[in-house]
C-alpha cells in the first residue's frame with residue numbers, strides 16, 4: 001500500500017521537500033502494558049487503528065527529531081496523530097532552546113479540511129454562473145461525502161465528521177460558522193483495504209461506482225466534493241468520477257472534485273512547513 005502512494009506524492013512535485021515513507025514493521029513491539037503487539041495487515045475498525053498506533057509509536061519516536069512533519073496515512077480517526085503531537089510537545093518542553101515547529105495530521109482530517117475549503121470557495125461564486133442540468137431548477141447547496149471500504153466505517157465517519165466540523169477554528173474559520181450542513185454522509189464498497197488490491201479490478205471499480213451513485217442519490221444530487229476514504233484507494237479516483245457522471249450526467253459529474261487524503265495531507269503539511277505557522 002505504501003508503494004502505491006509514492007507515485008501519487010511524486011507527481012505533486014514539491015521542490016526542496018524531502019519525503020520519506022514509514023510502513024508498520026513486521027516485527028512485533030511492546031505496548032504500554034508490556035504485551036506484544038503485531039502489525040495490522042488491514043485496518044478495518046477503530047480498534048485496529050488503536051492497535052496499529054501502539055505498534056508503530058515505539059518505532060516512530062526516535063524519528064521525531066529528524067522530521068518537520070508527519071502524515072498518518074490511514075483514513076480513520078487515528079490515535080497516532082494525537083500521540084505524535086503529544087510526543088512533539090513533550091520534546092519541545094524539554095528542549096534547552098526553542099525547537100523548530102513540527103506538524104502532524106492524518107489523511108482523514110486533511111481530506112475534510114480540503115473539502116471545507118473547496119466548498120466555501122465554491123459558495124462565494126453565484127450559482128447563476130453554473131451551467132448544466134439541475135442548477136437552474138433547484139437551489140444548489142454543495143456538500144461533500146466520503147466513499148470508504150467496509151460497512152463499519154459508515155457509522156464511524158457519520159459520527160466523526162460532525163465532531164470534527166464542530167471545531168471550525170481547526171480549519172481557520174470563525175467560530176460562529178455552522179459547517180454541519182456541508183457534510184452529506186458516507187457510502188462504502190464492502191471491501192477492506194487489502195481487498196481493494198486482491199479483488200478483481202472490474203469488481204472493485206463496479207463497487208466504487210455503485211457506492212458513489214448511492215451517495216449522490218441519497219444527498220439529493222447536492223454533492224460537489226467526494227473524499228476517497230481509504231489510503232488504499234489511491235489512483236481510484238476515476239471510478240468515483242465515473243459514478244458521479246452516471247448519477248449527475250457528464251456535465252455536472254465531471255465537475256465533482258475527488259479529494260485524495262494523502263495528496264491533501266502532503267499539500268497541507270508542505271504549506272505549514274513553508275509558512276512556519
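Descriptive notes on the structure:
- Taking N as its residue count, the alpha carbon Rg of segment 1-65 over 2.2 N^0.38 Å: 1.33
- Relative to the globular-protein estimate of 2.2 N^0.38 Å, the Cα radius of gyration of segment 174-277 stands at 1.20.
- Estimated from helices alone, the mean residue ellipticity of the chain at 222 nm is -14000 deg cm²/dmol (sum of -39500 (n - 2.57) over DSSP H runs with n ≥ 4, per residue).
- Fewest-first ranking of 103, 67, 75, using other Cβ atoms within 10 Å as the exposure measure: 67, 103, 75
- Label zone of residue 86 (point 7 Å out along Cα→Cβ, amide N under 16 Å): in segment 37-54 this covers 49-54.
- 0 to 90° range, to nearest 10: angle between helix 261-275 axis and the chain longest Cα axis: 60
- Burial ranking of peptide ranges 256-263, 199-206 (average Cβ count within 10 Å, highest at the top): 256-263, 199-206
- Likely footprinting exposure, 76, 52, 143, fewest C-beta neighbours within 10 Å first: 143, 52, 76
- Coarse-grained scattering of segment 47-86 at q = 0.29, 0.30 Å⁻¹, given as base-10 log I(q)/I(0) from a Debye sum over alpha-carbon atoms: -1.11, -1.17
- The value of relative contact order for the chain, using C-alpha pairs under 8 Å at least six residues apart, is 22 percent.
- Exposure proxy ranking, count of Cβ atoms within 10 Å, fewest first, for 78, 18: 18, 78
- The angle separating the long axis of helix 46-60 from the principal Cα axis of greatest extent in the chain is about 40 degrees.
- Inter-part distance, segment 42-75 to segment 154-207, computed on C-alpha centroids, equals 20 Å.
- Between residue 95 and residue 251, the FRET efficiency from the beta-carbon distance, with R0 = 45 Å, is close to 0.20.
- Extension gain, residue 217-residue 122: 0.36 nm per intervening residue step, less the Cα-Cα distance, totals 32.1 nm.
- Relative contact order, whole percent, for segment 136-253 stands at 34, derived from Cα pairs under 8 Å and 6 or more residues apart.
- Kirkwood Rh, Cα atoms: Rg over Rh of the chain: 0.98
- Enclosed volume per residue, in Å³, of the convex hull spanned by Cα atoms of segment 27-69: 91
- Fully extended contour minus Cα-Cα distance, from residue 267 to residue 27, at 0.36 nm per residue: 83.3 nm
- Summarising the label geometry, the points placed 7 Å from Cα in the beta-carbon direction at residue 169 and residue 141 lie 2.7 nm from one another.
- Helix 152-165 axis versus longest C-alpha principal axis of the chain: approximately 90°, rounded to the nearest ten.
We did not get these values from a lab; they are worked out from the coordinates using the rules stated. Owing to the predicted nature of the structure, the values given are computational and were not obtained by experimental measurement. FYI the Cβ positions are ideal-geometry reconstructions off the backbone, even for glycines, and counts take in every protein chain you see.
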